[in-house]
Amino acid sequence: MKRVLSCLWLAGLSCLALGCQPDTGAEPPAPSRSQRAEALATSPGAWSPTAPKLFPSTAPVLLRATGEVLDPSNAGTQRYDPYANTWSAPSFSCPQGYCDTLSTVALPSGDVLAMILHPGRMGGQPVVKRYAPATDTWSYAAVPYNRGSATLLDSGRVLYAGGIVYESATGFRATALAYEYDPETDTAVPVGNMTSIHAEHTATRLYSGQVLVVGGTFPDTAELYDPATRTWTAVPPVPHPRWRHLAVRLYSGSVMVLGGAVPGDTLVDVYDPYNARWSAGPSLPFPDPTSATLLYSGEVLAVNDAGQAALYSPTHNAWRPAASATPTRTGGAVLLHSGQVLRTSRDQGFAEVFTP
């Protein structure tokens, strides 16, 4: 009996230290009017510029082992060291200016997969390359299809889904193809096709290990991929059609979808995976967000290219204005190990850090 009580006591300490998240679909009670007013009363946080970066940014990603940020782009490859506030130019994924990085995925090994588009006929030649930070080297990965979404699964494999293909008879078209890539064996296998074709969509891994795909070519569609069965299942359509939008999994397990509805929109939709239903989230205080980052606190930092910023509080279910960022074409945002957020720019030379 004493051993059981000791185990329970230790488990409680672990939860306090690590911050246990209940795997339930229970929604918090609705906040009072005074709580909402308090949440919107202040503009927290501060932005500070980093040392000048070397190239434009398109797909920055955190290196798990070092806490640095790898930032390949269409002009070159750069790494940011947040502890020294320095940018460096490691080996390039391709000759400078001769490719464009569409997306990046950090693997459990510490390596990074980058979806890269080389110039050429038929919209360019898409490939996937693998970067090893320890040796600063790039190599090709045997992924037969890309230009869609890339999502790390619980197994360590990567789901590549949807995107755009070129066929001589029909030209460019969106696709429902999907593959699982195993970085341990450098092999990819086709899985079941999606229920709809998708391009310019989002793909978000849930706590269950399933992947929620939203919008894109058919902007009101949504579906789930189950890695256990390698099958797709349609879910209720998103209330506001989305294309080139953002999606963030909250600590509750729900997925917040914002941006990409219509130009100038402030609409927010939230998907509850436990009950397979959508609900309206609180509208953003500004339009057209271009980055949305989940913080360690459970809040979400949203920013647009005009530099407007806001923090979403899940406790109050409300947005409050945050300190203004610098107006620039957002090239991506990365949560650093320090809890700060690195916001990069598609313009050369500029990046900044948000401190909550």
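Quick one: in segment 57-82, which of the residues that are among the small types (G, A, S) and farther than 14 Å from G332 by Cα is surrounded by the fewest Cβ atoms within 10 Å (Cβ to Cβ)? Residue satisfying both the conditions and the ranking: A65.
Any residue at all in segment 172-192 that is at positive phi and in contact with a strand residue (DSSP E or B) (Cβ under 8 Å, 6 or more places away or on another chain)? No. If I filter segment 138-145 for residues that are under 29 Å from D288 (Cβ atoms), out of contact with any Lys or Arg (no Cβ under 9 Å at 6 or more places or on another chain) and either β-branched (V, I, T) or in contact (Cβ under 8 Å) with a residue 24 or more places away in the chain (or both), do I get at least one hit? There is no residue in segment 138-145 that is under 29 Å from D288 (Cβ atoms), out of contact with any Lys or Arg (no Cβ under 9 Å at 6 or more places or on another chain) and either β-branched (V, I, T) or in contact (Cβ under 8 Å) with a residue 24 or more places away in the chain (or both).
Contact map, segment 48-75: residues that are at positive phi paired with residues that are in a loop (DSSP other than H, G, I, E, B) and of a type in the set (A, V, I, L, M, F, W, C), Cβ distance under 7 Å, separation 6+ or inter-chain. Pairs shown: G67/L336.
Yes/no per residue for (1) in contact (Cβ under 8 Å) with a residue 60 or more places away in the chain; (2) of a type in the set (D, E):
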site: D136; (1), (2): no, yes
site: A150; (1), (2): no, no
site: L153; (1), (2): yes, no
site: Y160; (1), (2): no, no
site: E184; (1), (2): no, yes
site: A188; (1), (2): no, no
site: G209; (1), (2): no, no
site: G216; (1), (2): no, no
site: D220; (1), (2): no, yes
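Do you know which of the residues in segment 159-201 that are among the aliphatic types (A, V, I, L, M) and at pLDDT below 90 is farthest from the chain's Cα centre (by Cα)? Result: A169. Taken over segment 244-283, residues that are under 16 Å from the mean Cα position of the chain (by Cα), closer than 15 Å to D220 by Cα and surrounded by fewer than 18 Cβ atoms within 10 Å (Cβ to Cβ) amount to 1. Take the conditions (1) farther than 27 Å from L54 by Cβ; (2) modelled with pLDDT under 95; (3) among the small types (G, A, S); G349 misses just one of them, which is (1). For P289, the conditions (1) touching a helix residue (DSSP H, G or I) at 6+ places or on another chain (Cβ under 6 Å); (2) buried (at least 23 other Cβ atoms within 10 Å of the Cβ) are fulfilled apart from (1). When W87 is tested against the conditions (1) over 17 Å from the mean Cα position of the chain (by Cα); (2) modelled with pLDDT under 95, the lone failure is (2).
Here F218 meets the list (1) within 23 Å of L153 (Cβ to Cβ); (2) touching a strand residue (DSSP E or B) at 6+ places or on another chain (Cβ under 9 Å) almost entirely, failing just condition (1). Of the residues making up segment 17-31, none is of a type outside the set (S, T, N, Q), exposed (fewer than 13 other Cβ atoms within 10 Å of the Cβ), within 23 Å of the chain's Cα centre (by Cα) and modelled with pLDDT of 90 or more.
Name the residue, out of T355, T330, that is in contact (Cβ under 8 Å) with a residue 60 or more places away in the chain and hydroxyl-bearing (S, T, Y).
Working: T330 fails: in contact (Cβ under 8 Å) with a residue 60 or more places away in the chain.
The conditions single out T355.
The values are calculated or read from the model by the stated rules, or taken from the named source; none is laboratory data. This structure is a prediction, so every number in the text was calculated from the model and none was measured. Cβ atoms come from the backbone with ideal geometry, glycine included; neighbour counts cover every protein chain shown.
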